[in-house]
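Reviewing the structure listed below.
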Amino acid sequence: MTALTPPTPPRHVLVVAAQCTGAEELPGLEEAAHRLHRVLVDPDIGACVDRGEGDTGSLLVGTALGKARVEAALATTLARAKADGGPLVLALLGHGTGGCGGPLYFVTSGSVRDPAIGQLDVPSALGTVANEPGLSGLMAVVDACHAAAALPGAQSATAGLQQGALRLSLLFAASAHLPAWDMSLSVQLAELLEKGVADAGEYLTVDERLIEELRDRITVQEPGGCTFNGSPVPGRSLWLARNVQAATGRSASSLGSTAYARMRKVLRPLDGTDAIDSAKQLADWLAGLGQERRGLPAVRRVLEFQRDLRTCEATLTVLEETFGPTLTDDLLRKAAARSGFPLDVVVQVPCSSLRDLVEYAVLEASPVAPDRRLRMLVHFVAALAHLTGAGEIVPERLTTWATQWGVTTSLNSRLRELARATPRLVLVLADDGGADVVRVDASLLFGSAVVHTAEFPCGPSRDALVCALDEAVGWALSWLSAAGAQLPAIDVSVPTSLLLDSPPEEWRVVRGRRMLGVDYDVTTRWSGLLTPPPGVRLDDLLHTGSKLLTSLQTGAQSGPSWLAPDDLSSLEALQDFLGRRRTGSCVWGVSTVPETDFGLMLEELLIHTPALIWPRHLDVTDPRALRDAVAEHWDALPEHLVHAFQGRLDNSLGGDGPRHLADIRTTWHDAHWQAFCQRRAGRAVVAPHDLTPKERA
């Protein structure tokens, strides 16, 4: 990986991702192909010509593409490269068969069980392409099982049309007799090219350093590479990508890889900027511009970038002075996971540096929301302060920094949200006002800070809902693993139509076999404060929830208000009864479930107060024992309710109280849920911030 003279002819690329069907389908193939193609056509990295997707493009993705279609796409790309006298990068992603002494066949037909004559003979194809006159070189990336068997034979290289006067580099995912897994080569290669390699020179080529870097990242297989250089023309060696970290070494500590890549992008439309590779050179160039040019849109973007650089440098100085002695890779990962960074940034190997994370937080901020430009950065600073214990008494350097950049309120708010930062997962079963759940909205919280969100669509069946819930839990666990935390509690927000069904803690969500409440403390919430019933205003429901919290905090409630059978004799009787009671004044309890219209009554009760207690089973034989159990454990609901359910499952209950408590269901409301609903609604939180006596229990 030594400094090379950039070639002048255009660089061409073809990425082929051939998917199979059924059990042979490769998960993640399409995403890996798009990512690899994206980095290879990036003008500042792979610098290949981007011709889009399709048969005549630079990216071909599909199921059962067929040998003829792949060969035609390759011929089209090769013709362009020959006409320009430039190099060609060819990437083949998918299933590979053969090897073990024979050639590698790239499965283009859609099934590995199809005969070899219908697949692409990779060594033959690579040898033919590399020998084409006019092509300055071929770089091949083969991400398939037995990929090393793609290497053309010596006779093809030395006795072909070019008689050995050719250049060929091959990067393969695994040896000729071993499989490859999870598109690891494509994913890790793309990530490596995006991040660059420290102290590796201007350009990245298929050499020992690149192979070592990939082997450090890929542990399930042994990638490798080889290069043949028989061309007598000097100065035209093959390179896969520009090394984005090369500029970091040239510009000392002024720019990291993210900042350098962004600088090259904003400077690209401006003539005379090719030699700029440091913050000082950028400042000197801007200082020499006349006032008339500073108003140009392209120059304004450069000025905005320079402003962001100042933010990065000032923040780095403060963070190194404040946290320098305590910083570790583990601490940086945990802070990034609590700050909204993408998962691929959080789990980066090796770990992203402090500079990397600060630059990402500032430079990847959404340009369409300038007032929230520093949001991720503030969250990252707050997470560092919280994790190191500095958040209790904010260091003076941090308060000065926050004042300088106008983020004092945001920093204080985030630090408060992170207080008592126990992880919690909120799963909202969204019906969008219809009869069926259409998706699961997942939010991962640390304390009251929402750090990550995702949506999981689902169909109308219970199996589809369970599958979406399982995916959501798995998503949260992947984040928590990166954050070095465990998931003790899950809130499941349920629409009224599902409250008559079995309770969420009994749903067999985990791998479709284990009940959700076995491994997690599940609390059921009513989703009306997120999506109100027809004809009910959201603000009214949020205000009712706030009044209920006030009632609980003042101690006015020493238990639920139990409804008499006459109050539940009909929907009209209940509506008349509730019409004479103040909303949000109590938690309603139902010890004997009415035989008809209970679903409609549930909604009326929850609109009146979003917390309700009723029997797990409708045929209650001893309503008084049920009420007594609730009264005994009132100050510790819903925690004792969760423990009673789990205790019943492992037959460890003793005594009448807890046994009857396990027969209770509830939709619960507290300050945590009120704050979450207020945030989702975009309103200021009006509920009390202090914990209620019941929450302290």
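The values are calculated or read from the model by the stated rules, or taken from the named source; none is laboratory data. Given the structure is predicted, the values throughout are model-derived calculations rather than measurements. Every residue, glycine among them, receives a Cβ derived from its backbone with ideal geometry; neighbour counts consider all protein chains shown. With ligands, DNA and RNA removed, areas are computed over all heavy atoms of the protein, side chains included. Shrake-Rupley method; radii C 1.70, N 1.55, O 1.52, S 1.80 Å.
Of all residues in the stretch 48-71, which are of a type in the set (Ser, Thr, Tyr) and open to solvent by 10 Å² or more (accessible area, probe 1.4 Å)? Don't jump to the end; show me each part of the working.
Residues of the stretch 48-71 of a type in the set (Ser, Thr, Tyr): 56, 58, 63.
Once the filter is applied, which keeps residues that are of a type in the set (Ser, Thr, Tyr) and open to solvent by 10 Å² or more (accessible area, probe 1.4 Å), the stretch 48-71 yields Thr56, Thr63.
Are any residues in the stretch 105-159 assigned to a loop (DSSP other than H, G, I, E, B), on the phi < 0 side of the Ramachandran plot and in contact with a Cys (Cβ under 9 Å, 6 or more places away or on another chain), and if so, which ones?
Narrowing the stretch 105-159 to residues assigned to a loop (DSSP other than H, G, I, E, B): 107-115, 119, 131-137, 144-146, 151-153, 159.
Now drop any that are not on the phi < 0 side of the Ramachandran plot, which leaves 107-109, 111-115, 119, 131-133, 135-136, 144-145, 151-153, 159.
Passing the criteria: Val107, Ser109, Ser111, Val112, Leu151.
How many residues, within the stretch 562-607, are under 22 Å from Leu538 (Cβ atoms) and either part of a helix (DSSP H, G or I) or open to solvent by 60 Å² or more (accessible area, probe 1.4 Å) (or both)? First the steps, then the outcome.
Going residue by residue through the stretch 562-607, those that are under 22 Å from Leu538 (Cβ atoms) are 575, 578-579, 581-588, 599-607.
Imposing the further condition that a residue be either part of a helix (DSSP H, G or I) or open to solvent by 60 Å² or more (accessible area, probe 1.4 Å) (or both) reduces the set to 575, 578-579, 581-582, 599-607.
Matching residues across the stretch 562-607 total 14.
Do you know which of the residues in the stretch 617-646 that are in a loop (DSSP other than H, G, I, E, B) and surrounded by fewer than 18 Cβ atoms within 10 Å (Cβ to Cβ) is nearest to the chain's Cα centre (by Cα)?
It comes out as His617.
Could you count how many residues in the stretch 544-576 are under 22 Å from Leu600 (Cα atoms) and either touching a residue at least 60 places away in the same chain (Cβ under 8 Å) or not small (Gly, Ala, Ser) (or both)?
15
Note down all Cβ pairs under 8 Å where the first residue falls in the stretch 17-31 and is part of a loop (DSSP other than H, G, I, E, B), the second is among the acidic types (Asp, Glu), and they're at least six residues apart or on different chains.
Once the first residue is part of a loop (DSSP other than H, G, I, E, B) and sits in the stretch 17-31, its partners that are among the acidic types (Asp, Glu) give Pro27/Asp182; Gly28/Asp182.
Quick check on my filter: what residues within the stretch 17-47 are among the hydrophobic types (A, V, I, L, M, F, W, C), open to solvent by less than 10 Å² (accessible area, probe 1.4 Å) and in contact with a helix residue (DSSP H, G or I) (Cβ under 6 Å, 6 or more places away or on another chain)?
Ala17, Ala32, Leu36, Val39
For (1) within 14 Å of Asp121 (Cα to Cα); (2) open to solvent by 10 Å² or more (accessible area, probe 1.4 Å); (3) at pLDDT below 95; (4) outside any strand (DSSP E or B), each residue gets a yes or a no:
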| site | (1), (2), (3), (4) |
| --- | --- |
| Ala73 | no, no, no, yes |
| Lys82 | no, yes, yes, yes |
| Gly86 | no, no, yes, yes |
| Ala91 | no, no, no, no |
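Are any residues in the stretch 315-343 open to solvent by less than 70 Å² (accessible area, probe 1.4 Å) and among the charged types (D, E, K, R), and if so, which ones?
Across the stretch 315-343, the qualifying residues are Arg333, Lys334, Arg338.
Any idea which of (1) under 32 Å from the mean Cα position of the chain (by Cα); (2) at pLDDT below 95 is the one Gly98 doesn't satisfy?
The number of the failed condition is (1).
So which residues in the stretch 473-513 are open to solvent by less than 30 Å² (accessible area, probe 1.4 Å) and out of contact with any helix residue (DSSP H, G or I) (no Cβ under 9 Å at 6 or more places or on another chain)?
Residue satisfying the conditions is Ala476 alone.
Filter the strands (runs of 3 or more DSSP E) completely within the stretch 415-489 down to those with at least 1 residues that are of a type in the set (Lys, Arg) and modelled with pLDDT under 90. Quick ask: steps written out before the conclusion?
On the way: elements: 423-430, 439-446, 449-457.
Strands (runs of 3 or more DSSP E) meeting the threshold: none at all.
Anything in the stretch 188-230 that is more than 19 Å from Pro43 (Cα to Cα) and of a type in the set (A, V, I, L, M)? List them, or say none.
Correct list: Ala198, Ala200, Val206, Leu210, Ile211, Leu214, Ile218, Val220.
Any residue at all in the stretch 611-621 that's at pLDDT below 80, in contact with a Leu (Cβ under 7 Å, 6 or more places away or on another chain) and not basic (Lys, Arg)? Even if it seems obvious, please write down each step before you answer.
Initially, the stretch 611-621 is screened for residues at pLDDT below 80, giving 617-621.
Restricting the remaining residues to those that are in contact with a Leu (Cβ under 7 Å, 6 or more places away or on another chain) gives 620.
Remaining after also requiring not basic (Lys, Arg): 620.
Yes; the residues of the stretch 611-621 include at least one that is at pLDDT below 80, in contact with a Leu (Cβ under 7 Å, 6 or more places away or on another chain) and not basic (Lys, Arg).
Which condition from (1) open to solvent by 10 Å² or more (accessible area, probe 1.4 Å); (2) under 19 Å from Ser58 (Cβ atoms); (3) touching a strand residue (DSSP E or B) at 6+ places or on another chain (Cβ under 7 Å) is the one that Asp121 breaks?
Going through (1) open to solvent by 10 Å² or more (accessible area, probe 1.4 Å); (2) under 19 Å from Ser58 (Cβ atoms); (3) touching a strand residue (DSSP E or B) at 6+ places or on another chain (Cβ under 7 Å) one by one, Asp121 breaks only (2).
Hey, can you tell me all the residues within the stretch 190-212 that are open to solvent by less than 40 Å² (accessible area, probe 1.4 Å), assigned to a helix (DSSP H, G or I) and farther than 20 Å from Leu343 by Cβ?
Here is the first cut: in the stretch 190-212, the residues open to solvent by less than 40 Å² (accessible area, probe 1.4 Å) are 190-193, 196-197, 200-201, 203-207, 210-211.
Pick out the ones that are also assigned to a helix (DSSP H, G or I) and you get 190-193, 210-211.
Leu210, Ile211 - these are the residues of the stretch 190-212 that are open to solvent by less than 40 Å² (accessible area, probe 1.4 Å), assigned to a helix (DSSP H, G or I) and farther than 20 Å from Leu343 by Cβ.
Suppose the filter is crowded, with 17+ Cβ neighbours inside 10 Å and either free of Cβ contacts under 8 Å to residues at least 24 places away in the same chain or under 24 Å from Leu618 (Cα atoms) (or both); does Phe456 pass it?
Numbers: crowded, with 17+ Cβ neighbours inside 10 Å: yes; either free of Cβ contacts under 8 Å to residues at least 24 places away in the same chain or under 24 Å from Leu618 (Cα atoms) (or both): yes.
For Phe456, the condition - crowded, with 17+ Cβ neighbours inside 10 Å and either free of Cβ contacts under 8 Å to residues at least 24 places away in the same chain or under 24 Å from Leu618 (Cα atoms) (or both) - is met.
Is one or more of the residues making up the stretch 129-138 within 32 Å of the chain's Cα centre (by Cα) and open to solvent by less than 10 Å² (accessible area, probe 1.4 Å)?
no
In the stretch 160-189, what count of residues is obtained for those that are surrounded by fewer than 22 Cβ atoms within 10 Å (Cβ to Cβ) and part of a loop (DSSP other than H, G, I, E, B)?
The total comes to 13.
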